[in-house]
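Only one structure is covered here, and it is reproduced in the block below.
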Amino acid sequence: MKININPGQSADEFTELSRFANLMPAPLFWLDLNGVVLGMNNAAAYTHGNTTRVLDKVIGKRHSDFYPEHIAKFLDENNQKVIDTGETIAFDEKVVSVTTGNTIDFASVRSPWCDKEGNIIGIIGTSIDITDTKEKERLQLELQHKLYLLEEQENFRRVVNNVAHDIRSPLASLSVMLEVCDNIPEKERLSLRHAVTRINDVANHLLSTYTQREELQPYGIEEAEPILLSPMILQMLTEKKYQYQHMAIKFDQHFSQPGKFSWVQLQPIAFKIMISNLINNAVDAFEQGIGKVTVYLDANAEQVTLTVADNGKGMIPELVEKLLHYKDIPEGTDSGLGLGLSQVMETLKNNQGQWRIESTLGLGTKIKLSFPRVQPLSWMAENITLNQDDTVLILDDDSSIHMAWDMRFEKILKLHPTLTVWHFEKGQDVLDFMDSIHPDQKATIFLLTDYELLKQSLNGLDVIELASIQRSLIVTSHFTNRVLQKSAISVGTKILPKQLAPDIPIRII
């Protein structure tokens, strides 16, 4: 398209062009063949700010007079394309306002400006400010990119979560084998135990790092609730191992069988912070960054005792005395106390806890915490009680779990030969078995089942409900799932954390 306008050289003719251009609602400007701005309408001037000031600045000037060199060169090249081709061309242009200094995106259209004989004598064009549109497009693309990344992160988190949970089954199997295999030499047994602990640390670290967590309230206002201590403390130890992996510090734990199944009424976040502070304080006691931190967990019928011990530099008796009497003390490594002991004392007060401190200079410190033991929540299993003529059904998609249970039942079956054990890997097979037996036999069935059954339409809870199994136990690493907890209560079953499978007592009546 060619716009045939005779610009002329007289002031009257320029005035007529300006009058015509100002009737146009869209920005309009015109330049000569050398890129000198000859005029623009008010709409074009408004895109850059005040009309009069802009006109005074740009009329009679080239792009290089008011734009940075790279922008001026870009605009001149676009103008030259129109002159060389004699065609109307659309451009996306990014310029800097001559008045505000802001970067503006324009959608521009430029056509040759011709005289009556059709000779190109300049350029006439229009530029629409599309900065807002471009910004919306950019934000939309950015949003799509972020949504994609979030989806990828969620997929990765889901995979990691499944992997971490899946590790629990072979870990539980190995733990059972370590407990029941008396013929393994002590040296090899220690090596295996160390390997199991290491793999468990990896699983805990994956879960703590990539599992989505509920938003936490400040610990000072949280409600106390019944807590199964052993999984929480193992998780804290794993986090500390990774935190101090650059140091020559060994972390170890010794949990008694009652300790592993002990519950305490606590503020969970405050308790975690307290344990973190105690372990940090123990690490601070190693002047050369070398030492050992051991966490002990034990329980009797009335109370639970948690001990954090180190073989560091110890504390002087005066400091121990102040701590035991909850006196204000200076905090910091210079005092030999580390940071956070005020929080420890506050948490003990708020959770009916007490402590004892045993410390010897040059040998180390033991901080013993004791809390009232509370009854476990109704979904938690503390033992497996069987009749001597029961039939135990074990449902799990992991063959290592079946071997682990076989090892646990091996001695029991020798003592009680009328007790039988059947193994299943598919939930449907359990349903078929239950349909095949006489109704009177169903009362003798005890089901030990995993919750998640991979690539199956049923889970362990479904099997319990569909088969109307009256006595059962769900053995799973998903024991913190509150929906599962409520569902277990509703169908009359209980849940056993998979990592406690090697330790749960099996009683035969």
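A short reminder: the numbers here are calculations on the coordinates, not readings from a lab. Values in this document were obtained by computation on a predicted structure and should not be read as measured data. For neighbour counting, all protein chains shown are included, and Cβ atoms are generated from backbone atoms with ideal geometry for every residue, glycine included.
In this simple spin-label model, placing a label point 7 Å from the Cα along the Cα-to-Cβ direction at both K146 and D389 gives a separation of 6.8 nm. Working from Cα pairs under 8 Å separated by at least six residues, relative contact order for region 225-376 is 28 percent. Specify whether the C-alpha gyration tensor of region 378-509 places it in the rounded, prolate or oblate class, a ≥ b ≥ c being the square roots of the eigenvalues: rounded for a/c under 1.5, otherwise prolate if a/b is larger than b/c and oblate if not. Here region 378-509 falls in the rounded category. Listed by chain and number, the lysines placed with their C-alpha closer than 17 angstrom to that of K146 are K136; residues fewer than eight positions away on the same chain are left out.
Dipole magnitude for region 384-508: about 500 debye, using +1 per Lys or Arg Cβ and -1 per Asp or Glu Cβ, origin at the Cα centre. Take every Cα pair under 8 Å whose residues are at least 6 apart in sequence, average their separation, divide by the length of region 368-495, and the relative contact order is 28 percent.
Can you sort D76, D435, D65 so the residue with the fewest Cβ neighbours within 10 Å comes first? List each step's numbers first, then the result.
Values: D76 17, D435 8, D65 14.
Ordered from fewest to most neighbouring Cβ atoms within 10 Å, D76, D435, D65 come out as D435, D65, D76.
Label sites at Q354 and M247, each approximated as a point 7 angstrom past Cα along Cα to Cβ, lie 3.1 nm apart.
On a 27 Å Cα-Cα criterion, which of the cross-link pairs K349/K486; K292/K494; K442/K486; K94/K116 come out too long? Don't skip to the answer; put the middle values down first.
Numbers: K349/K486 32 Å; K292/K494 37 Å; K442/K486 25 Å; K94/K116 33 Å.
Violating the 27 Å limit, Cα to Cα: K349/K486; K292/K494; K94/K116.
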